[in-house]
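Asker: Before I ask anything, let me first share the structure, which is written out below as structure tokens.
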Amino acid sequence: MLWRRGAHDGLVLSSLSPPRRRLVLGLLAAAVAAALSLAAVSVFGASSKVPSAAQVIAQPPGPVLLVPGYGGSETGLRTLAARLQRAGRVVQILPLPGGGTGDLRTQAKALAAAATALAAAKHAATIDVVGYSAGGVVARLWVHDFGGAQLARRIVTLGSPQHGTTLASLGALLPSACPLACQQLAPGSDLLAGLNAKPEPVDGPQFVSIWTTADDVVLPPESARLEGAALNFTVQSVCSASTVRHSGLPTDPSVDGMVLAELAAGAPVTLSGSDCARLSS
């Protein structure tokens, strides 16, 4: 006896003729496949479909992936990670391939793999990403080109050279001192030109860009501004006395408070000077 549906119905596969047995097994296989397909569909619908803004905002915050900047150092991000963990968030820092100086698109593929794995491990429908410096460019590449639009809920970029930095242009004059990621961060590079031809859409992940007017690496600092449906603001628009520079962004208490506020449930929030003291504590 291979399978019995009930005690009295008498449906026993071993009693069927071979053609009918194959038919029944085929129907069972189709039913199982259909069930698995339904189970694989997220709360957003089909995995290939970008969710609407309303659907994204309605989702509860999931795990957070922190993407380091050029060179891949995780030191500064550990302070931000600790702040998020104290607030109850699950946090992981992405190790960048190639020491963080190789192709930014390869880094975006690594982010895609890590985000998928983290979502599966935590049974999460969405992932939040914070990209520091070049990590914010990597996060956008993931969303636009490597499937992140279906999984990301919120993308926060922190002092990111979205339109390049003149420091990379100077480095590009000496290629041996400016690896591929450095060259890709020069204003007008093919990578940035292609990425910025795709402004942040209304639907899909919500984008927030935060930067400091005292940035000494991303020059000009306004390079961090995103086009399209994104919330943009400077640290100084919230904490006017701040003198935080580029390297201090992930460890500054007020900046970490801003990131935490933007990763909260609901839509991104517009912060003002009245929020500075609260965010810094």
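The values are calculated or read from the model by the stated rules, or taken from the named source; none is laboratory data. The shown structure was predicted, so the numbers you read here are calculated from the model rather than taken from an experiment. Neighbour counts run over all protein chains shown; Cβ positions are idealised from the backbone, glycine included. SASA here: full protein model, heavy atoms, side chains in, ligands and nucleic acids out. Shrake-Rupley method; radii C 1.70, N 1.55, O 1.52, S 1.80 Å.
Asker: Where the only charges are on Cβ atoms (+1 Lys, Arg; -1 Asp, Glu), what is the dipole of the stretch 146-281 about its Cα centre, to the nearest 20 debye? Mind dumping the intermediate values first?
Answerer: Working: 6 positive and 11 negative charges, 25 e Å.
For this selection, approximately 120 debye.
Asker: Here's something else I'd like to know. Does the stretch 89-136 classify as rounded, prolate or oblate by the C-alpha gyration tensor (a ≥ b ≥ c root eigenvalues; a/c under 1.5 gives rounded; else a/b over b/c gives prolate, otherwise oblate)?
Answerer: Numbers: a/c = 2.41, a/b = 1.81, b/c = 1.33.
It comes out prolate by the Cα gyration axes.
Asker: Using a 1.4 Å probe on the protein chains only, how many percent of the accessible area of the stretch 82-168 belongs to carbon and sulfur?
Answerer: Values: 1530 of 2730 Å².
Here carbon and sulfur together make up 56 percent of the probe-accessible area.
Asker: Another question, if that's okay. Could you tell me the relative contact order of the stretch 142-271? Use alpha-carbon pairs under 8 Å, at least six residues apart, and round to a whole percent.
Answerer: On the way: 214 pairs, mean separation 34.5, N = 130.
Computed over the stretch 142-271, the figure is 27 percent.
Asker: Tell me, what is the per residue accessible area of the stretch 104-232 in Å², probe radius 1.4 Å?
Answerer: Details: 4540 Å² over 129 residues.
Ligands and nucleic acids excluded, the result is 35 Å² per residue.
Asker: Determine which lysines satisfy two conditions relative to Lys122: a Cα distance under 19 Å, and not lying fewer than 8 residues away in the same chain.
Answerer: Straight-distance partners of Lys122: none at all.
Asker: Would you pull out the residues with amide H under 5 Å of Ser209's amide H, same chain only if 5 or more places away, H placed 1.01 Å from N?
Answerer: Close amide H contacts, sequence-distant or interchain: Thr157, Leu231, Asn232, Phe233.
Asker: Oh, and also: Given H placed on each backbone N at 1.01 Å, which residues far from Tyr70 in sequence or on other chains put an amide H within less than 5 Å of it?
Answerer: Amide H to amide H, under 5 Å and 5 or more residues apart or across chains, Tyr70 pairs with Ala134, Gly135.
Asker: Each residue of the stretch 247-254 in turn: what ³J(HN,Hα) in whole Hz from Karplus with 6.51, -1.76, 1.60 and θ = phi - 60°, glycine and Pro shown as x?
Answerer: 5, x, 4, x, 10, 6, x, 5
Asker: To continue, here is another question. Excluding ligands and nucleic acids, what accessible area in Å² is computed for Val130 using a 1.4 Å probe, to the nearest 10?
Answerer: 0 Å²
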